[in-house]
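The values are calculated or read from the model by the stated rules, or taken from the named source; none is laboratory data. These figures come from a predicted structure and were not determined experimentally. Neighbour counts run over all protein chains shown; Cβ positions are idealised from the backbone, glycine included. Heavy atoms of the whole protein, side chains included, go into the accessibility calculation; ligands, DNA and RNA do not. Shrake-Rupley method; radii C 1.70, N 1.55, O 1.52, S 1.80 Å.
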Amino acid sequence: MICKSRLPKFFFLLCVYLFSGTLFSQDVKTQETSGKPKGKAVQSKEENLKTDVQTSSETKEEEEEGSKKEELNPKKKDDLVIPIQFGFFIDGYYNASLNRPASKELLYTTQATRTNEYNINLAYLDAKVETDKYRGRFAVQFGTSVVANYSGEGTTGKTSNETSIRNMQEAYGGVRLGKSTWLDAGIYFGHLGYESWISHENFVYTRAFSLDYVPYYVSGARLSGKISDKVSYQLHLNNGYQVVTDNNKDISGGFRLEWNPLGNLMFRWNTFIGNEQPTTTPKETRYYNNFIAEWKPFQRLTLASSFDVAYQERASREDLVYTSEGPIYIRRDGTAFRQIYVGNLWLAYRFLPDWRIGVRLERYLDREQMIVVTNTKDGFQTSGATATLDYNPDPAILVRFTYQYRRSMDSIYPHENNTSKLDRMFIFSLSLKI
């Protein structure tokens, strides 16, 4: 009985053991199989991180290579944007001349030449460009001062566009040659004198004689730069003395030397050398010197002065002299120089934020009519005083009231149907500069 009873128990335990072993093996496999994906997930994350790091490094390398290529490439996108500035200026005036010339035209000046009527003295449109490598300006103009100023241009050339030159204020281009050195070529403003061709930039509305009889414009090339922080220079090669189309075969030139010893003090020396006679006449070389000093003792006050001395060779020993009996020729012992002497003094004081007064005193001596031809006995010997009251509520707007008085040794100024030694006028002007 005992053997029979143990046998069924044995089989029962064997079945339980086998069944439990099968379950255990399945749990182990489940754990193994469930553990393997976790390991693969961690491994895949690490691989992804490595891939991302590798991709980012490759991207950085590509960006660095691209930046190097851009540095080597001279044509960048930024260089394609040209910084052009457009400008506009108009200067209108009414000249109430006390001489009341019959022709309504003034002589010996280029400014406000039409009397007792409203007219445009100067108007222009311009486009400017200036970068670290190149610069230039193109401006077209119109006005009564333009016609008066360009009266000396020739009219015999076939291809020099002489009839349209008067409407070309400036047309030049320049290239930078060094840190502070520029080379410009074309038609540009002259370097002689203290006052500008643009009335908006001057203390007095009209121009001094010394400015009306030196070049407002020239055609040629100029080299400019700095010798030091306080000294600058300009070198000029031009066709002639206020001409675009040359009247002879000679080249003219000159220089400017400017010294600024202090922030409020400036000294300038301008020169011109050249033959100004037509090819068909004997050569007469002109030497012109212009000395300028400017001092600003404080912000509202400016004092300036200029002194000009010029010489011109005589081509002949015979001089045309004007006497009371008429013009005669006088033979001289030698071929000395004709001479002129000019002096100017300016004062400008801003007594209120929007109000300023400007005064100019001047003296011009050209007895031998080297530059200013009057066909009179004593030539052009004239003194003058001019005062301008400015209302300047905005940098772009300038309203001006000017009185000008000039007196000559000879009777040269138009006065009704005759001439007079005096020239007096009141001028109202309004200019807008943008």
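Checking each residue in segment 223-267 for being more than 15 Å from L192 (Cα to Cα), in contact (Cβ under 8 Å) with a residue 60 or more places away in the chain and open to solvent by 30 Å² or more (accessible area, probe 1.4 Å) picks out T245, N247. For segment 407-416, the condition of being more than 13 Å from V204 (Cα to Cα), aromatic (F, W, Y), in contact with a helix residue (DSSP H, G or I) (Cβ under 7 Å, 6 or more places away or on another chain) and open to solvent by less than 20 Å² (accessible area, probe 1.4 Å) holds for none of the residues.
Mind listing whichever residues of segment 115-140 are crowded, with 21+ Cβ neighbours inside 10 Å and in a strand (DSSP E or B)? Talk me through it step by step, then tell me what you get.
Taking segment 115-140 first, the residues crowded, with 21+ Cβ neighbours inside 10 Å are 115, 121-122, 124, 137.
Listed by number, the residues that qualify are N121, L122, Y124, R137.
Residue-wise test of (1) in a strand (DSSP E or B); (2) of a type outside the set (A, V, I, L, M, F, W, C).
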site: S180; (1), (2): no, yes
site: I187; (1), (2): yes, no
site: W197; (1), (2): no, no
site: H200; (1), (2): no, yes
site: F203; (1), (2): no, no
site: S210; (1), (2): no, yes
site: V218; (1), (2): yes, no
site: R222; (1), (2): yes, yes
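Counting residues in segment 365-384 that are in contact (Cβ under 8 Å) with a residue 60 or more places away in the chain, touching an Asp or Glu at 6+ places or on another chain (Cβ under 6 Å) and charged (D, E, K, R) gives zero. Taking the conditions (1) in a strand (DSSP E or B); (2) within 21 Å of G343 (Cβ to Cβ); (3) of a type outside the set (S, T, N, Q) in turn, D390 satisfies each one other than (2).
If we scan segment 134-152, do we find a residue that is more than 30 Å from R400 (Cα to Cα) and hydroxyl-bearing (S, T, Y)? Yes - at least one qualifying residue is present in segment 134-152. A search for C-beta distances below 8 Å between a residue of segment 194-217 that is free of Cβ contacts under 8 Å to residues at least 60 places away in the same chain and of a type in the set (D, E) and any residue that is in a helix (DSSP H, G or I) and open to solvent by less than 10 Å² (accessible area, probe 1.4 Å), counting only pairs 6+ apart in sequence or on different chains, returns E195/L211.
Tell me which residues, restricted to segment 246-299, are outside any strand (DSSP E or B) and within 23 Å of the chain's Cα centre (by Cα). Steps first, answer last, please.
Pass one, segment 246-299, residues outside any strand (DSSP E or B): 246-251, 263-264, 276-284, 299.
Within segment 246-299, G263, N264 qualify.
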